[in-house]
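K.L.:
So that we are looking at the same thing, I have put the structure below in structure tokens.
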Amino acid sequence: MKTFMLMTGSGPLMILTSHTSIEDPLILEKLVSKGIEKFLAYEVPYDLAKKRYGGHFNVVANDLHESDDLRVLDYNGERAFKLFSFAELGSPVVHEAGGPSVADVA
């Protein structure tokens, strides 16, 4: 499983997924279905997220099934920002579904 902090238009959130990459087309499709089409994603070390979220992490992780491979660990962006420093996060992945092309911007 992987844990990611997503920076979205409505604020940060933490997700837990069984996908190996935030760029997997299946997870991107699920995010779009939740209204998340544009984001910055930072991978959070699994063990670190588990330690910081404690029992709540276990509840969410144990409820993660193959047929439901995306769970929101934390909707509270302020809490996520307090729990993790940027130095603890992986390199950002930038995603923008159907964003403007260079020709559209020029």
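The values are calculated or read from the model by the stated rules, or taken from the named source; none is laboratory data. Everything numeric here is computed off the predicted structure, so don't read it as measured data. FYI the Cβ positions are ideal-geometry reconstructions off the backbone, even for glycines, and counts take in every protein chain you see. Note: areas computed on protein heavy atoms with side chains; ligands, DNA, RNA excluded. Shrake-Rupley method; radii C 1.70, N 1.55, O 1.52, S 1.80 Å.
K.L.:
So how do H95, H19, H56 rank on accessible area, 1.4 Å probe, biggest first, that is with the largest at the start?
P.N.:
The ranking, largest first, comes out as H56, H95, H19.
K.L.:
Considering only protein heavy atoms and a 1.4 Å probe, what is the carbon-and-sulfur percentage of the accessible area of the chain? It would help to have the intermediate numbers written out before the result.
P.N.:
Numbers: 3350 of 6340 Å².
After summing per-atom areas, the C and S share lands at 53 percent.
K.L.:
Can you tally the lysine pairs in the chain where the Cα-Cα distance is under 17 Å and the two residues are eight or more apart, or on different chains? Provide the component values of the computation, followed by the final result.
P.N.:
Details: K2/K30; K2/K50; K2/K51; K30/K38; K50/K82; K51/K82.
Step by step, the pairs that qualify in the chain add up to 6.
K.L.:
Counting helices only, and only those DSSP H runs with n ≥ 4, report the 222 nm mean residue ellipticity of the chain as the sum of -39,500 (n - 2.57) divided by its residues, in deg cm²/dmol to the nearest 500.
P.N.:
So the helix-based figure for the chain works out to -8500 deg cm²/dmol.
K.L.:
Quick one: if the Förster radius is 25 Å, what FRET efficiency do D69 and Y46 give, using the C-beta to C-beta distance and rounding to 0.05?
P.N.:
On the way: r = 15 Å, r/R0 = 0.60.
Computed FRET efficiency for D69 and Y46: 0.95.
K.L.:
Ratio of alpha-carbon Rg to the 2.2 N^0.38 Å globular estimate for segment 29-81, to two decimals, please.
P.N.:
1.22
K.L.:
May I ask for the equivalent-ellipsoid semi-axes of the chain, computed as the square root of five times each C-alpha gyration tensor eigenvalue and listed largest first in whole Å?
P.N.:
Equivalent ellipsoid semi-axes, largest first: 25, 16, 11 Å.
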